[in-house]
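Undergrad: Pasting in a structure now, in structure tokens, and then I'll have a few things to ask.
The values are calculated or read from the model by the stated rules, or taken from the named source; none is laboratory data. Just so it is clear, the model here is predicted, and its values are computed rather than measured. For neighbour counting, all protein chains shown are included, and Cβ atoms are generated from backbone atoms with ideal geometry for every residue, glycine included.
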Amino acid sequence: MFFSIIIPLYNRPQEIKELLESLTLQTYHNFEVLVIEDGSVNDAEAIVNTFTDKLNLRYFKKQNEGQGFARNFGFERAKGDYFVIFDSDCLVPPNYLRIVNDSLAKNYLDAYGGPDGAHQSFTPTQKAISYSMTSPFTTGGIRGNKKGIGQFHPRSFNMGVSRQAWEKAGGFIITRLGEDIEYSIRIHSLGFKIGLIPDAIVYHKRRTNFYQFYKQLHFFGRARINISKFFPQELKLVHFFPAAFTVGVILTIILNLFGSVLAPVGNFILLIFTLLIFFHSWWKNKSLKIAFLSIIAAFTQLIAYGLGFIQDFWKRKVLSRS
């Protein structure tokens, strides 16, 4: 199978260098790479050009429209039987494409997603963020877990779409705010088979500090409401959990400030949650530092997502604003 790897890029030249370096090490060689520079001020043309003798590589520049439409630009120019989408902040293990090719040969999927993890080169903060984004206590294992809740929806940091699915479904119809989830739901609704390839892991850097992580997750919370505009049935009870957690944290703080007799109940629940995060992260990462940072990451993730969710739920669902 011939793969077209499509990478949207916006002002991140160093990231694309590391990603392209990882692609030069692939043990499966039947692929091309399309880098779509989405209106960057700090473009990566000079860096990308250093890889033209190492990869079957094409580089494009276009006006800024966001990552969803940058991927569409790549779809329209790709030559492959299958399109693979990566975010520019990913590192790809050498056997990735071979794993995907072998998996599709045995159990064909019209679209797939893979899990993400932390590379050994990541900082402790990045490893803590990676833990939080994949922990059963924060996401329920929905991001790359074979036993995840409900229909699996590939995410655009590690996602594949067959040419046939793209020809029927078209590309992304929104460029951000949950564009990948909307796209995977639409592909599934057309009768195509979607699934997880559990061994097709990428190392996803995500954000390098907690402030950036907060902004990203606040955006994700808003995105969930945006998706419900297209598929109302996809707004499920589980998606309200971060908002409920956020309200619970705020109420617990207020109860403590006023010396309420109910304050110990909230304190106990938060203590149990904190201990679960700490010991589970310690067990997985074998690092006390990462375990402590994982507590910060988990609270940041849930509160940021919860506040973004509440903000747009109130604006779009309650006040009916666009």
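Here's the yes/no breakdown for (1) charged (D, E, K, R); (2) modelled with pLDDT under 95; (3) closer than 29 Å to ILE173 by Cβ; (4) surrounded by fewer than 20 Cβ atoms within 10 Å (Cβ to Cβ):
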site: GLU21; (1), (2), (3), (4): yes, no, no, yes
site: THR27; (1), (2), (3), (4): no, no, no, yes
site: SER40; (1), (2), (3), (4): no, yes, yes, yes
site: ALA78; (1), (2), (3), (4): no, no, yes, no
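Undergrad: Of everything in the stretch 262-311 that's of a type in the set (Lys, Arg) and part of a helix (DSSP H, G or I), which residue is surrounded by the most Cβ atoms within 10 Å (Cβ to Cβ)?
TA: Let us first name the residues in the stretch 262-311 that are of a type in the set (Lys, Arg), namely 284, 286, 289.
If we keep only those that are part of a helix (DSSP H, G or I) too, we end up with 284, 289.
Working: LYS284: 16, LYS289: 13.
Here the residue is LYS284.
Undergrad: Follow-up question, since we're still on this one. State the number of residues belonging to the stretch 3-61 that are of a type in the set (Phe, Trp, Tyr) and under 20 Å from ASP180 (Cβ atoms). Even if it seems obvious, please write down each step before you answer.
TA: At the first step, the residues of the stretch 3-61 found to be of a type in the set (Phe, Trp, Tyr) are 3, 10, 28, 31, 51, 59-60.
Those left that are additionally under 20 Å from ASP180 (Cβ atoms): 3, 10.
Residues in the stretch 3-61 being of a type in the set (Phe, Trp, Tyr) and under 20 Å from ASP180 (Cβ atoms): 2 in total.
Undergrad: Being among the hydrophobic types (A, V, I, L, M, F, W, C), free of Cβ contacts under 8 Å to residues at least 24 places away in the same chain and more than 19 Å from GLN126 (Cα to Cα) narrows it down to one of ILE253, ILE310, ILE295, so name that one.
TA: Working: ILE310 fails: free of Cβ contacts under 8 Å to residues at least 24 places away in the same chain; ILE295 fails: more than 19 Å from GLN126 (Cα to Cα).
The match here is ILE253.
Undergrad: Okay, moving on. Return only the number of the condition from (1) surrounded by fewer than 19 Cβ atoms within 10 Å (Cβ to Cβ); (2) in the same structural domain as GLN14 (by TED's automatic domain parsing) that TYR96 does not satisfy.
TA: All conditions are met except number (1).
Undergrad: Please enumerate the residues belonging to the stretch 227-238 that are within 21 Å of PHE172 (Cβ to Cβ) and surrounded by fewer than 18 Cβ atoms within 10 Å (Cβ to Cβ).
TA: Result: LYS229, PHE230, PHE231, PRO232, GLN233, GLU234, LEU235.
Undergrad: Is it the case that the stretch 209-222 has a residue that's assigned to a helix (DSSP H, G or I), basic (Lys, Arg) and in contact (Cβ under 8 Å) with a residue 24 or more places away in the chain?
TA: Checked against the condition, which is being assigned to a helix (DSSP H, G or I), basic (Lys, Arg) and in contact (Cβ under 8 Å) with a residue 24 or more places away in the chain, the stretch 209-222 yields at least one hit.
Undergrad: Any idea which residue in the stretch 223-239 is nearest to ILE181 (Cα to Cα), counting only those that are among the basic types (Lys, Arg) and in a helix (DSSP H, G or I)? Don't jump to the end; show me each part of the working.
TA: Just the residues of the stretch 223-239 that are among the basic types (Lys, Arg), to begin with: 224, 229, 236.
Adding the requirement that they be in a helix (DSSP H, G or I) leaves 224, 229.
Working: ARG224: 9, LYS229: 12 Å.
Step by step, filter the stretch 223-239, then rank; the result is ARG224.
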